[in-house]
Amino acid sequence: TGWPVLLGLTGIPSFIQLLVLPFFPESPRYLLIQKGNEEQARKALQKLRGRDDVDEEIEEMRQEDRSEKEEGQISVLSLFTYRGLRWQLISIIVMMMGQQLSGVNAV
């Protein structure tokens, strides 16, 4: 009989987060790499670090972005082509399907 109250209590932290989230600064990495706005990224990083000298971190973010672009992307289907990963991927899929089909999440 008390489960609705317990279920409702889980919404309290979410509501608090919803109220305070607009006051947090945007992610410097998101601003720099996704939006291409270095000035806002620098301001956000200065606010988070509490110091003005953030050039080294900005350059580090740029280097990471360049190295990620050089590596390229891999699709889930291409994972099956790698012999070492194929059986691991199949076993993970079988375990996850077994979990869903057994109804363990409903207990």
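Set side by side, the residues SER27, SER78, SER67 differ, and just one is out of contact with any Ser or Thr (no Cβ under 8 Å at 6 or more places or on another chain) and in the same structural domain as SER91 (by TED's automatic domain parsing), which is SER78. The single condition among (1) part of a helix (DSSP H, G or I); (2) modelled with pLDDT under 85 that GLN73 does not satisfy is (1). In this structure, is LEU21 surrounded by 10 or more Cβ atoms within 10 Å (Cβ to Cβ) and within 19 Å of the chain's Cα centre (by Cα)? No: the conditions fail for LEU21. Taking the criterion of being surrounded by 10 or more Cβ atoms within 10 Å (Cβ to Cβ) and either of a type outside the set (A, V, I, L, M) or in contact with a Phe, Trp or Tyr (Cβ under 9 Å, 6 or more places away or on another chain) (or both), the residues of region 82-99 that qualify are TYR82, ARG86, GLN88, LEU89, ILE90, SER91, GLY98, GLN99. For GLY2, the conditions (1) modelled with pLDDT of 90 or more; (2) of a type outside the set (S, T, N, Q); (3) surrounded by fewer than 10 Cβ atoms within 10 Å (Cβ to Cβ) are fulfilled apart from (1). Condition test on VAL54, is it over 21 Å from the mean Cα position of the chain (by Cα), without any contact (Cβ under 8 Å) to a residue 12 or more places away in the chain and in the same structural domain as ARG66 (by TED's automatic domain parsing)? Against the criterion (over 21 Å from the mean Cα position of the chain (by Cα), without any contact (Cβ under 8 Å) to a residue 12 or more places away in the chain and in the same structural domain as ARG66 (by TED's automatic domain parsing)), VAL54 does not qualify.
The values are calculated or read from the model by the stated rules, or taken from the named source; none is laboratory data. Keep in mind that this is a model prediction, so the values were computed, not measured. When we count neighbours, we look across all protein chains shown, and the Cβ atoms used for this are built from the backbone with ideal geometry, even at glycine.
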